[in-house]
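This report concerns only the one structure given below.
Please treat every number below as a calculation from the coordinates, not as lab data. Everything numeric here is computed off the predicted structure, so don't read it as measured data. Positions of Cβ are generated from backbone atoms using ideal geometry, with glycine treated the same way; all protein chains shown enter the neighbour counts.
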Ligand SMILES: *Cc1c(COP(=O)(O)O)cnc(C)c1O
């Protein structure tokens, strides 16, 4: 008997590994492994979520018109150029299916976000990984990898799990060097956290042509990862394609209501950004003082580099023993590093203390 078989490339996909959330034997773990915002869901979003409970039998408005309107107002964008998805992962996958496929190539960077590889392989693309410099995307290496088969370039900016970013000028040079038929997807999942003046999430590049898309998410600073809401800003032709291939009711009633309320939460963005900038700097200096290398990050996490995989594993185990879960990033080719989400002031203090102790205990060995 022969069993049903998927397309062969499907079995070459390594399933996505998310941040863990439980420690065996501990009843309350501090979870700093998935870059969820430090403050939980915005209170207004929780209220809106409860408020639509009696409407859950209704199908959502398919194009998320109310949410697109709210996004347009908040970010100064035309709602007709915004498409919402079940998380930005959903939109990433749709773009791969629509623009990729057999015989095409997708370019990402060597420590780039792993969903690009999964979505690309699943669509049948050949996935090319380009070298980075100092754990930062290298536009020259990306341009050198372009072939006549290239259809998609994915860049997370800032990148997960490295936290590093390209400037507006570097992005513009990258776009300028790519063939016009190549779709550049700028994944700005952490844009809300960036404070640097020379940063551009992607709107300007989208507006400047027909071939750049910016994706965003409600899963990080807006605190709604559990509801799965993301969006993108795209040129009209790409918007048209996404509406053809997206699922008709891809964002739930609860997701739309909570996301609209999150955007309206007074002071949320400012407070989250200020907290993050302060505690990211504090945690970084604490770890550096303890003798750990910390890569510069523009996001709501830092990449702590222990120099050796065994040491990173030992630090991971040490944190776990104290009830803290961070993210091992061996799957990203960084087995010597741990990615640590910026949590509350208390959580940052606990991680700092634990890793300082770890270094003191292990350093002499
Ligand atoms: C978290 C994250 C996403 C967001 O995923 P959602 O599907 O919107 O939850 C996208 N890209 C990067 C780089 C991320 O880190």
Surface/4 of the Cα convex hull for the chain, nm²:
20.8 nm²
For labels at residue 61 and residue 361 in the simple 7 Å Cα→Cβ model, what's the distance in nm?
5.5 nm
Of 24, 273, 336, which is the most mobile in a GNM of the chain whose springs link Cα atoms less than 10 angstrom apart?
24
By the mean-Cβ-within-10 Å protection proxy, highest first, 266-272, 38-44, 184-190 rank as 184-190, 38-44, 266-272
How far is the Cα center of the range 295-318 from the Cα center of the range 129-195, in Å?
24 Å
Distance from the Cα centre of the range 1-40 to that of the range 215-252, in angstrom?
21 Å
Modelled label reach - residue 102, point 7 Å along Cα→Cβ, the range 4-31 residues with backbone N closer than 19 Å:
4-13
Separation in nanometres of the label points that stand 7 Å from Cα toward Cβ, at residue 207 and residue 134:
3.0 nm
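What shape does the range 80-234 have by the C-alpha gyration tensor, where a ≥ b ≥ c are the square roots of the eigenvalues, rounded means a/c under 1.5, and otherwise prolate means a/b greater than b/c and oblate the rest? Please report the intermediate quantities before stating the final value.
Working: a/c = 1.39, a/b = 1.13, b/c = 1.23.
Rounded, because the longest to shortest axis ratio a/c is under 1.5.
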Could you check the spin-label model distance between residue 308 and residue 285? Points 7 Å from the Cα along Cα→Cβ, value in nm.
3.0 nm
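For the residues 136, 164, what sequence is obtained by ranking on other C-beta atoms within 10 Å, fewest first? Intermediate results must be reported in sequence, preceding the final value.
On the way: 136 19, 164 22.
Lowest to highest Cβ neighbour count: 136, 164.
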